[in-house]
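The values are calculated or read from the model by the stated rules, or taken from the named source; none is laboratory data. Everything quoted here is computed from the prediction, not taken from an experiment. A quick note on method: Cβ atoms are made from the backbone with ideal geometry, for glycine too, and the neighbour counts reach across all protein chains shown. The area values use the complete protein model at the heavy-atom level, side chains included, leaving out ligands, DNA and RNA. Shrake-Rupley method; radii C 1.70, N 1.55, O 1.52, S 1.80 Å.
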Amino acid sequence: MTNNLSFHIFLKPSFLFQIISFCQLLNISYCPPIEEDIPEGKSLVIVAYNPLGWPRVDIVKIMVNDVNLVVKDSSGNTIKAQYVSLDNVTKNLRNFYAQAYLGQSPKQAPKYWLHFQVSVLSLGWNTYFVSKASSTGKNRNLLSKIKNPQNDTIEVGPRDLKLTFSSTSGQLKQIYNSKTEVDVLIQQSYLWYGSSIGDSDSQVSTSCAMASRAYIFRPSGAPPTIVSRSVPLKVIRGALVDEIHQEFNSWIYQVTRLYKDKEHAEVEFTIGPIPIDDGVGKEVITRLATNMETNKVFYTNSNGRDFLKRVRDYREDWSLSVTQPVAGNYYPLNLGIFMADKKSELSVLVDCAAGGASIADGQLELMLHR
């Protein structure tokens, strides 16, 4: 994932003083100032700030209830925008955390995400105005089209980068970039490792004998359990972004986004609460399996350092005795993980700390929830 643009929001009234509101809980999709009705003749003002040392052209999305809005830049030019309906998983998560943070549930949930493109200079800011569309003109920011697959495979992507999915299993099958001609067969799955309950000998206190817990990842030794082999799939197409919604089971939901001018896919997952009624602790991962020939080598970033070469079941400084073939090959990720062969490279960037590994050639996996 890429670094997000910072943006602040305030309503512009008819007098000089302006009320600035910050979306402190935007990470749980809760921001009352942008959900309220925009009065006639007034605008919702979005200030986009770029903290980086180079110009940015990116997509900002805000939650709204009105489908009849227009977005304009500071020069009065109308900006192309796109609506996407808010899914039920996001609504439920928003209600749960709003109740936890605020002690009360929101009065109503927003109906749509409004996407629009912003352009901001390095270490600069730009202002955008969201207002009701003129009653004399038609709003062209129509709702995105939801399409259910009709063929065996479905190709998604508004520009060079394309993802191909199976319409029968709902699984990712291929990544293709027409600009670079990179073509990789790939499958993404969600799985979970069963947690070890620890060895019976209470006198043994090494980490190799302890139960899997907060600071120790120790799977039971059994192969990971795949969550689902058949995934319901919904495809949303629009002028700025295509989205693929997948429900792997009742507690794992994923949205994959491909933006018009980007050569990467953005993946947003919602996991939990993890069921433990069966008495088994679960270490939830996502696995990317490809046809790449990586020869045990992958690269990880940790604590802001450059990417470091990792070789499965090997340490350069000493002779490694492999007792934990899974946990012993996991590394902390602050920025990302990648693998490469003579033809292509697959990189996964994270927006929060995670664990990552390559347990088999041509595979990457990330620990997402425990």
Extreme residue, nearest to residue 269 (Cα to Cα), among residues of segment 25-34 that are open to solvent by 20 Å² or more (accessible area, probe 1.4 Å) and part of a helix (DSSP H, G or I): 27
Per the filter on segment 226-246, residues open to solvent by 40 Å² or more (accessible area, probe 1.4 Å) and modelled with pLDDT under 95 are 229, 230, 232, 234, 237, 239
Quick check on segment 166-182. Is at least one of its residues on the phi > 0 side of the Ramachandran plot and surrounded by 16 or more Cβ atoms within 10 Å (Cβ to Cβ)? yes
So which of 222, 214, 289 is modelled with pLDDT of 95 or more and farther than 30 Å from residue 115 by Cα? 289
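Suppose the filter is out of contact with any helix residue (DSSP H, G or I) (no Cβ under 6 Å at 6 or more places or on another chain), over 19 Å from residue 350 (Cβ atoms) and of a type in the set (Ser, Thr, Tyr); does residue 286 pass it?
no
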Determine whether residue 121 is farther than 27 Å from residue 244 by Cα, of a type in the set (A, V, I, L, M) and either in contact (Cβ under 8 Å) with a residue 12 or more places away in the chain or loosely packed, with under 15 Cβ neighbours inside 10 Å (or both). yes
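Do we have residue 131 as small (Gly, Ala, Ser), modelled with pLDDT of 90 or more and open to solvent by less than 50 Å² (accessible area, probe 1.4 Å) here?
So residue 131 fits the description; yes.
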Within the set of pairs 6+ apart or on separate chains, which have a first residue in segment 344-370 that is on the phi > 0 side of the Ramachandran plot, a second that is in a strand (DSSP E or B), and C-beta atoms under 7 Å apart? 362/289; 362/290
Name the residues in segment 30-79 that are within 15 Å of residue 115 (Cβ to Cβ) and free of Cβ contacts under 8 Å to residues at least 12 places away in the same chain, would you? 78
Please verify whether segment 148-155 includes one or more residues that are closer than 16 Å to residue 84 by Cβ, surrounded by 15 or more Cβ atoms within 10 Å (Cβ to Cβ) and modelled with pLDDT of 90 or more. no
Can you spot a residue in segment 252-271 that is surrounded by fewer than 20 Cβ atoms within 10 Å (Cβ to Cβ) and over 20 Å from the mean Cα position of the chain (by Cα)? no
